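Accompanying notes for the structure given below.
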Amino acid sequence: MKGSAKILNTSDDLAMSPISREQIIKMATVKVRIDKADYPEEYDKTLKSGDDGYIEPDYQYDEKIDQAVLDRFGIIH
């Protein structure tokens, strides 16, 4: 059974596709987790919760757009 999936690799492919600019930007957006906790210089990051000296991570989540994806399709954001 043949599918109807299309692979978009270039701006020419995008021009012939029903996918909008906004959809491409949404697909190129990823959530990045950053640990903002203040650790001492010699902190052992293999410590687990409950271990002596363990510092709880302070995660911050940011959305980032993968510029390489936008560049592939010639989208200026």
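Could you please tell me which pairs satisfy a Cβ distance under 7 Å, a separation of 6+ or placement on different chains, a first residue in the stretch 49-68 that is free of Cβ contacts under 8 Å to residues at least 40 places away in the same chain, and a second residue that is part of a strand (DSSP E or B) and open to solvent by 70 Å² or more (accessible area, probe 1.4 Å)?
Y59/R33; Y61/K31; Y61/R33; E63/K31; K64/V30; D66/V30
From the list L47, L8, pick out the single residue that is surrounded by 12 or more Cβ atoms within 10 Å (Cβ to Cβ) and in contact with a Leu (Cβ under 6 Å, 6 or more places away or on another chain).
Only one candidate passes the filter, namely L8.
Collect the residues in the stretch 52-77 that are out of contact with any strand residue (DSSP E or B) (no Cβ under 7 Å at 6 or more places or on another chain) and loosely packed, with under 10 Cβ neighbours inside 10 Å, keeping them in residue-number order.
Correct list: D52, G53, E56, A68, I76.
Just give me the residues in the stretch 15-32 being open to solvent by less than 90 Å² (accessible area, probe 1.4 Å) and either in contact (Cβ under 8 Å) with a residue 60 or more places away in the chain or in contact with a strand residue (DSSP E or B) (Cβ under 8 Å, 6 or more places away or on another chain) (or both), in sequence order.
I25, A28, T29, V30, V32 - these are the residues of the stretch 15-32 that are open to solvent by less than 90 Å² (accessible area, probe 1.4 Å) and either in contact (Cβ under 8 Å) with a residue 60 or more places away in the chain or in contact with a strand residue (DSSP E or B) (Cβ under 8 Å, 6 or more places away or on another chain) (or both).
Of the residues D71, D51, D38, D12, only one is modelled with pLDDT under 85, not aromatic (F, W, Y) and not in a strand (DSSP E or B); which?
Only one candidate qualifies: D12.
The values are calculated or read from the model by the stated rules, or taken from the named source; none is laboratory data. Fair warning: this is a prediction, and the values are worked out from it, not measured in the lab. Reconstructed Cβ throughout: ideal geometry from the backbone, glycine too, with neighbour counts over all protein chains shown. Just so you know, the surface numbers come from the protein's heavy atoms only, side chains and all, with ligands and any DNA or RNA stripped out. Shrake-Rupley method; radii C 1.70, N 1.55, O 1.52, S 1.80 Å.
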